[in-house]
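Notes follow the structure.
Derivation of every value follows stated rules applied to the coordinates shown; laboratory data play no part. These numbers were taken from a predicted model, which means no experiment stands behind them. Because the Cβ atoms are built from the backbone with ideal geometry, glycine has one as well, and the counts that use them run over all protein chains shown.
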Amino acid sequence: MQTTLLLTVIAVLSVVGYLVGRNRAVAIAGGRLSTLHSVPPYHGFYVALWAGVPALILLAGWVSCEGPIIMSLVLGQLPAALIPQDAQALTLLQTDILNLAAGVSTGREPDPAVADAARLYNSFHTLAESCLLALGAALAVTGLILAKRQIRTELRARNRVEATLNVLLILCSLVAILTTVGIVLSLLFEAIQFFTKVPLTDFLFGLHWNPQTAFSGDVSGSFGAVPLFTGTLLITLIAMVVAVPVGLMAAVYMSEYAAPTVRAVVKPVLEILAGIPTVVYGFFAALTMAPAIRDLGNALGLDVSSQSALAAGVVMGIMIIPFVSSLSDDVINAVPQALRDGSYGLGATRSETIREIVLPAALPGIVGAVMLAVSRAIGETMIVAMAAGLAANLTANPFAAVTTVTVQIASTIRGDQEFNSPKTLSVFGLGLVLFVVTLILNVIALRVVHKYREKYD
Amino acid sequence: MSMDNITLTTAIRQSPAVRGMPNISNKITARDVNVYYATKRALKEINLDIEEHRVTALIGPSGCGKSTFLRCLNRMNDTIDICRVEGQIALDGQDIYARVIDTVQLRARVGMVFQKPNPFPKSIYDNIAYGPRIHGLAQRGPEMDEVVRSSLERAGLWGEVKDRLKEPGTGLSGGQQQRLCIARAIAVSPEVILMDEPCSALDPIATAHIEELIDELRTSYTIVIVTHNMQQAARVSQKTAFFHLGEMVECNDTEEIFTNPRDERTQGYITGRYG
Amino acid sequence: MTDLAHDTVMRRSAYQSEAFEARLRQRYRAERRFQVAGIASIAFAAVMLVVLLTTIVMNGYTAFWQSRFDVEVLFDPEAITPSGSRDPAVLAVGDYAALVRQALQAELPDATGRDGRRALMEMVSTAAAYDLRNMVLAHPEIIGTRQKVSLLASDTADQFIKGHIPRNITEDKRKVSDRQMAWIDLLAAHGVLTTHFSLDVLTQSNSRQPEQAGMWGAVIGSIMTMLVTLGLSVPIGVAAAVYLEEFAPRNRWTDLIEVNINNLAAVPSIVFGLLGLSMFLNFFGMPRSSALVGGVVLALMTLPTIIIASRAALKAVPPSIREAALGIGASPLQVVIHHVLPLAAPGVLTGTILGLARALGETAPLLLIGMVAFVVDVPGSLSDPATVLPVQIFMWSDGSERGWIERTSAAIMLLLGFLIIMNAIAVYLRKRFERRW
Ligand SMILES: Nc1ncnc2c1ncn2[C@@H]1O[C@H](COP(=O)(O)OP(=O)(O)OP(=O)(O)O)[C@@H](O)[C@H]1O
Ligand SMILES: [Mg+2]
């Protein structure tokens, strides 16, 4: 609550700073605005920045390290006997304190010392917030006053404001990098913990995935991820068998044959297909496609499980059709008209021109598009979670139920995990594999497509 | 695209001759040809005869419709949606815009070489073999090898590429690429070859090469060439047609045009007053 | 010369021979086959879309119809407050199920005995008793009177009336017993059990009973999450795009950022969930299951899309405009803010809407940060436990009762409705402001 209050205070002081700075500049100029190096609004922004930015930095700094600091203070106050030695129990204790402090009942009667600690935590917290509020406000006011004093006709307010904004812009463009770094670090950090419990080779080459049984003791035999990898590959393969020919042919037809009116109708259809959320496809797969395929299989005398790789794969393929077709469409359109003319000029029919000239010329781009589609399929979660199931079968039978890397991740984690059970950590091992594989696919695919574009530019 | 090709041969035999073309040595005759891009008229009432086994040069300032006319002769304009052709163009007395005419067959008979060399992204061999293969003119193997060799020889490229037939055609130099495109056109044994500024992307030596080639090819093919280069027109062609603002102003023996133009616009153009 | 004539004859015969024409016919057949394959591909996609949408709508529209028993309830003081007290605490724990039972037994006198009562109560929603309790708490004076009341039917009865539970199968395979079937038919014939249009599925909050479950909480959760996503991803995304497109020097670093953004756009969404879990929940200790964390995660996921779209829009503004503005003495930043950004705004907006539409339909990363928790209350703040529409769909689709299918489908209809509106706005903007320089 105090944070919101401080934010409001900072905002108000910034606005005040703007007005003060602008008026001051006008006053200094004394009616001859042209004597100012920068126009008055820039002086306003200059003061506003001084009022706002330092206080905001303080706030951000405090919010990001408040928890650990207070916790260490609280733990320092606890009797030493109460503080457990091993990290796991310590985390548990800290969680207890936090829960108590937040007023969440843990179900059991709390240890009085822990209850004290929770009260202490809360009082530290309140104290800290009040201090923060006072300090933040003081900082803002100081900044405002100091900046106002600096205002002169020759103050290069515009340049300074713009330099600040420039820094801001750079920071914003670094967010993307930070996200990647965050992903890599969090995956690596937890995955390494996992691999200290389960050897990497057991994980990558083990044939049995059974994390439910892995509570304690020797867990390495329960985390063989091969069935997940094969399941992922099987479903991806089925999806590609559907999506690549259909998507490619649709793109070919759209770019080489279709009249503009046809294109005007079909393009939105494909766009709608692309815009449907995956959870909807998942529902469709479970509700319609899986029973349909089961009935069809039974009619043919096949043994089809109610959750089959085929149903999930086919629906995923349908989902990916627009992805493949729009990428291929771009790629095909990049093939120079001169090549088509050359072929038509020799008396080739359209399909001959497409099959023998356009598609081979577009091949690198199409390969790139397919790789991106594969990466999409590997990373897809909801369809598989809803239609293919959780059974980690090591099979290549499309009628059997299989599971995938993503489904295991999604079904294991529900936000409230204990971070030291191998089952939870295994998810980060899987996530790391998923990230690395899709990253490699994407990097190669993007490079291939880029090279291809350059060739015909 | 006219798909109705079932009774092609009979149709060709039975179709009435286009009017005003008793002269057998006229390979192509164009009568009252108008071409529109959407509503814009690019060619107006063109009447022109292309004689067999001769080189006809089309000259004129940029945008006057030379390429448009050339592309009418093998119906390449069909590939442009907004383009509409009126009037009659006859190949050997047969109207090529008649319903029974099949563009595939027509373009096999009337080949084309483009301004910018456009070799397919395939090997040199496959570039040449592509046409004969789709038309079924030669079987894979020795027969096709022979077609490839003779086409490259006629295009004067054999010596340079005979050891690298498997390399991509796009790896050749610009002049070689253009000769490759000519060889590619020859490989399907057309009757007419249309060339749209075939030398504009080439250096003088490569240009000289192609000009020699055109002169040699004249004995077996009828050639129509668009060029911006007066000397080139004078060197390679026997007949020259001058286009201006979508009209065909004058068509005559090349010598006549260059020494004694009838129209003052022609004179202005060839003496370099505009264009 | 004879050689030449021979050559010509040869050629003519080659292209006008029967063999060539036979081949030509074959080539045109291949051409048609190819074209048919293209049309078939498009038709396949279109048919699948139609099948999908019809399935959803056909399954979903019935969720907007709800079956109720219109009965006269005697607010029997014996059952409500045997002691006669009017203390709300006493009233709150009265046996309202008994009132429901008695009211129905009045219509169906044969529903007696333990089995009969159980069979009877299976036809009424548990919500019916709560509704009666709330009536009493609001108006204690109705105790002792008879009131016309509309009681919510249970999912089983509701689905049976809607024809989703087949009649002509053996009783042990059917969720509705023969006896209940007869009752339902009787009550329906008497006009006691009727089905009305109802928006409860939209306006109620979540429940474990399908006939009571509504998606209002998820709608609010989605809106809150989207607001966080919007508030973070748009300013950061546009600022990053402006920097990269307008100011950044071309060097290794900016190349790296560019490659990084392109790759980030293709990272599986679930990986962002893992990031949220380990970074925001575990490391920063942000509130689990909250719209705040969900919004942040989705913002990071949407950021690349917005950056890429904004850069494209900025790139489309011709340099002449920048030059003109620079020429009259504006600083580079002024040029961007006053001239380039306004011109690029439609493109930026379109990209933003499309990015948000994707985020709105996203499910997997939100599962990992706990937005899958069962939340009855409508979230009141960004840090309250919340869920969002797609996650709601995922959870409902897992329910075993037949009623979940229609609820899920109805939620999908709503979600698709939102998405269609967003996309339509994007398309409109693109068309309206499409500029050819
Ligand atoms: N695809 C097209 N769509 C619309 N208009 C076209 C198209 N191609 C040509 N034109 C127009 O038709 C007219 C004739 O063009 P054409 O290309 O035939 O000229 P050209 O004589 O070949 O010129 P150049 O010497 O520059 O090649 C021009 O005005 C041109 O703008
Ligand atoms: Mg031209």
The rounded separation in angstrom of the Cα centers of region A:66-90 and region A:311-367 is 63 Å
Spatially proximal aspartates and glutamates relative to B:Lys166 (Cα-Cα < 14 Å; intrachain offsets below 8 disregarded): B:Asp126, B:Asp145
Residues of type lysines that C:Lys162 reaches as a straight line, Cα spacing below 25 Å, ignoring anything fewer than 8 places off in the same chain: C:Lys148, C:Lys173, C:Lys175
Using the Karplus equation 6.51 cos²θ - 1.76 cosθ + 1.60 (θ = phi - 60°), what ³J(HN,Hα) coupling, rounded to whole Hz, does each residue of region C:29-45 give in order, writing x for Gly and Pro? 5, 4, 4, 5, 4, 4, 5, 4, 4, x, 5, 4, 4, 5, 4, 4, 4
Pick out, from C:Val73, C:Gly113, C:Phe160, the residue whose Cα sits farthest towards the positive end of the charge dipole of region C:65-200, with +1 on the Cβ of Lys and Arg and -1 on the Cβ of Asp and Glu. C:Phe160
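What FRET efficiency comes out for A:Glu454 versus C:Gln147 if R0 is 56 angstrom and r is the Cβ-Cβ distance? Round to the nearest 0.05. Before the final figure, lay out the partial values.
Numbers: r = 78 Å, r/R0 = 1.40.
For R0 = 56 Å, the calculated efficiency reads 0.10.
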Magnitude of the Cβ-charge dipole of region C:65-200, K/R +1 and D/E -1, about the Cα centre, nearest 20 debye? 220 debye
Fully extended, how many nm does the chain gain between B:Arg262 and B:Leu245 (0.36 nm per residue separation, minus their Cα-Cα distance)? 4.4 nm
Region C:194-293, relative contact order in percent, only Cα pairs under 8 angstrom and at least six apart counted: 19 percent
When you look at the Cβ of every residue in A:262-273, what mean number of other chain Cβ atoms sits within 10 Å? 3
Have a look at B:Glu51, B:Glu197, B:Glu86 and tell me which one the Gaussian network model of chain B (Cα, springs below 10 Å) gives the largest fluctuation. B:Glu86
Under the rule a/c < 1.5 gives rounded, and otherwise a/b versus b/c splits prolate from oblate, where does region C:65-200 land using the Cα gyration tensor? prolate
Distant-in-sequence amide H partners of C:Val192 (H built 1.01 Å from N, under 5 Å): none
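Mind checking region A:317-379 for trypsin sites (Lys or Arg not before Pro) that DSSP puts in a loop (not H, G, I, E or B) and that have at most 14 other Cβ atoms within 10 Å?
Working: sites: A:Arg340, A:Arg350, A:Arg355, A:Arg376; in loops: none.
Counting only loop positions with at most 14 other Cβ atoms within 10 Å, none of the trypsin sites (Lys or Arg not before Pro) in region A:317-379 qualifies.
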How would you classify chain C from its alpha-carbon gyration tensor, with a ≥ b ≥ c the square roots of the eigenvalues: rounded for a/c under 1.5, else prolate if a/b is greater than b/c, otherwise oblate? oblate
For the residue pair C:Ile39 and A:Thr395, what label-to-label distance in nm results when each label sits 7 Å from Cα along the Cα-to-beta-carbon direction? 4.0 nm
Selected from C:Gln180, C:Ile42, A:Tyr257, residue furthest toward positive end of dipole (the protein assembly as shown; charges at beta carbon): A:Tyr257
Within region A:156-178, which residues have the backbone N less than 19 Å from the label spot 7 Å out from C:Arg252 along Cα→beta-carbon, could you tell me? A:174, A:177-178
Pick from C:Phe247, C:Phe280, C:Phe75: which residue has the top mean-square fluctuation in a GNM of chain C where Cα pairs under 10 Å get a spring? C:Phe247
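Run lengths n ≥ 4 of DSSP H only: what is the helix-derived mean residue ellipticity at 222 nm for the protein assembly as shown, with -39500 (n - 2.57) per run over all residues, to the nearest 500?
Numbers: 46 runs with 701 residues, N = 1169.
Only helices count here, giving -19500 deg cm²/dmol.
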Segment C:Asp70-C:Ile321, length gained on full extension (0.36 nm per residue, minus Cα span): 83.3 nm
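Can you tell me how much longer the chain between C:Asp200 and C:Ala106 gets when fully stretched, taken as 0.36 nm per residue apart minus their C-alpha distance, in nm with one decimal?
Working: separation 94, 0.36 × 94 = 33.84 nm, distance 2.76 nm.
Length gained between C:Asp200 and C:Ala106: 31.1 nm.
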Listed residues C:Gly347, C:Gly116, C:Gly361; largest mean-square fluctuation, Gaussian network over chain C with Cα springs below 10 Å, found at C:Gly116
Integer Hz, Karplus 6.51/-1.76/1.60 couplings in order for region A:194-209, x for Gly and Pro: 5, 6, 6, 8, 10, x, 3, 5, 4, 5, 6, 10, x, 9, 10, 10
Residue (of A:Met386, A:Val449, A:Gly431) at the positive-pole extreme of region A:370-457, dipole from beta-carbon charges: A:Val449
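Going by a ≥ b ≥ c, the root eigenvalues of the Cα gyration tensor, does chain A fall in the rounded group (a/c under 1.5), the prolate group (a/b larger than b/c) or the oblate group?
It comes out oblate by the Cα gyration axes.
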For the pair A:Ile57 and A:Arg447, how long in nm is the line joining their label points, each one 7 Å along Cα→Cβ? 3.9 nm
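Of B:Lys27/B:Lys239; A:Lys267/B:Lys122; B:Lys40/B:Lys66, which ones are farther than 24 Å apart at the Cα?
Over 24 Å apart, Cα to Cα: A:Lys267/B:Lys122.
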Explain nothing, just compute: Karplus ³J(HN,Hα) = 6.51 cos²θ - 1.76 cosθ + 1.60, θ = phi - 60°, for every residue of region A:399-413 in order, whole Hz, x for Gly and Pro. 8, 8, 7, 10, 10, 10, 4, 5, 5, 4, 4, 5, 7, 7, 9
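Give a quick list of trypsin sites (Lys or Arg not before Pro) in region A:134-181 that DSSP marks as loop, anything other than H, G, I, E or B, with at most 15 other Cβ atoms within 10 Å. Mind showing how you got there, number by number?
On the way: sites: A:Lys148, A:Arg149, A:Arg152, A:Arg156, A:Arg158, A:Arg160; in loops: A:Arg152, A:Arg156.
Filter output for region A:134-181: A:Arg152, A:Arg156.
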For region C:240-303, which trypsin sites (Lys or Arg not before Pro) pass both filters: DSSP loop (anything but H, G, I, E, B) and at most 12 other C-beta atoms within 10 Å? C:Arg250
